[in-house]
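A short write-up of the structure that comes next.
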Amino acid sequence: MSSSMQAASSVMPLKYPMSVAVYPTYADAQRAVDHLADNDFPVQDLCIVGTDLKQVERVLGRRSWGRVLAEGAMSGFGTGLFFGLMMMVFMPALGATSAFSLGLLMGIGMGVITAGMAYAASGGRRDFSSVQAIVATRYEVLGEHTVVNRARQMLGQNPVAQPAPTQWPPTPSDPQEHA
């Protein structure tokens, strides 16, 4: 058993998992398991596994000094609210409005300075902002070996299912396909 299968088995304890069906989307795999559950299948013997993982980075836009400093001010706003409330409580001699405003300005200032220093230190190596995610390109329903054949038969009535591979792990038919 591979180390990834051992790690998966410690999180999702199926003793002898076998492939039931493979789906192009997570929603399709969920519908298949729901179909089985609606027909009194022991779904506790199944799990849905995302396979063929890819890291996707969505570029949101170009970073500039103005944008960086604005983001720093926005992130410092929350800290400033906290500082302002603390100054109101611990420095009542300043007056509530003055203490709150001073704390808010301190937080925003710290956010701007911190963001500016970080952007300057990057040396222009990453002048864009983005978000990253790990996504699966296929979703496989695995089942305990004792229930796989029954699940495959029941899903034969479900048009979403694709034929399950006959071995685990499945071998690609074309090596270039997964390159």
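The values are calculated or read from the model by the stated rules, or taken from the named source; none is laboratory data. In this text the structure is predicted, and so the values were computed from the model without any measurement. Backbone-built Cβ (ideal geometry, glycine too); neighbour counts: all protein chains shown. These accessible areas exclude ligands, DNA and RNA; they are computed on the full protein's heavy atoms, side chains included. Shrake-Rupley method; radii C 1.70, N 1.55, O 1.52, S 1.80 Å.
No other residue among 110, 106 is farther than 30 Å from residue 45 by Cβ and either in contact with a Ser or Thr (Cβ under 7 Å, 6 or more places away or on another chain) or among the β-branched types (Val, Ile, Thr) (or both) apart from 110.
Of the residues making up the stretch 122-170, those that are modelled with pLDDT of 90 or more and among the hydroxyl-bearing types (Ser, Thr, Tyr) are 130, 137, 139, 146. Taken over the stretch 131-151, the criterion of being part of a strand (DSSP E or B) and either surrounded by 19 or more Cβ atoms within 10 Å (Cβ to Cβ) or charged (D, E, K, R) (or both) is satisfied by 138, 139, 140, 141, 142, 143, 144. No other residue among 36, 46, 53, 69 is within 30 Å of residue 126 (Cα to Cα) and touching a residue at least 60 places away in the same chain (Cβ under 8 Å) apart from 53. Filtering the stretch 60-73 to residues that are open to solvent by 70 Å² or more (accessible area, probe 1.4 Å) and at pLDDT 95 or above leaves nothing. Quickly run through the stretch 31-42 and pick out the residues that are surrounded by fewer than 17 Cβ atoms within 10 Å (Cβ to Cβ) and either closer than 19 Å to residue 13 by Cα or among the aliphatic types (A, V, I, L, M) (or both). Within the stretch 31-42, 37, 42 meet the criteria.
Taking residues in the stretch 6-26 that are over 18 Å from residue 145 (Cβ atoms) and at pLDDT 85 or above, and partners anywhere that are among the basic types (Lys, Arg) and surrounded by 15 or more Cβ atoms within 10 Å (Cβ to Cβ), the pairs with Cβ atoms closer than 8 Å and at least 6 places apart or on different chains are 23/138; 24/138.
As a summary of the residue check, residue 87 satisfies the conditions (1) in contact with a helix residue (DSSP H, G or I) (Cβ under 8 Å, 6 or more places away or on another chain); (2) closer than 30 Å to residue 27 by Cβ; (3) free of Cβ contacts under 8 Å to residues at least 60 places away in the same chain except for the one numbered (2). Whether any residue in the stretch 79-101 is under 30 Å from residue 16 (Cβ atoms) and outside any loop (DSSP other than H, G, I, E, B) is what I want to check. Among the residues of the stretch 79-101, not one is under 30 Å from residue 16 (Cβ atoms) and outside any loop (DSSP other than H, G, I, E, B), which makes the answer no.
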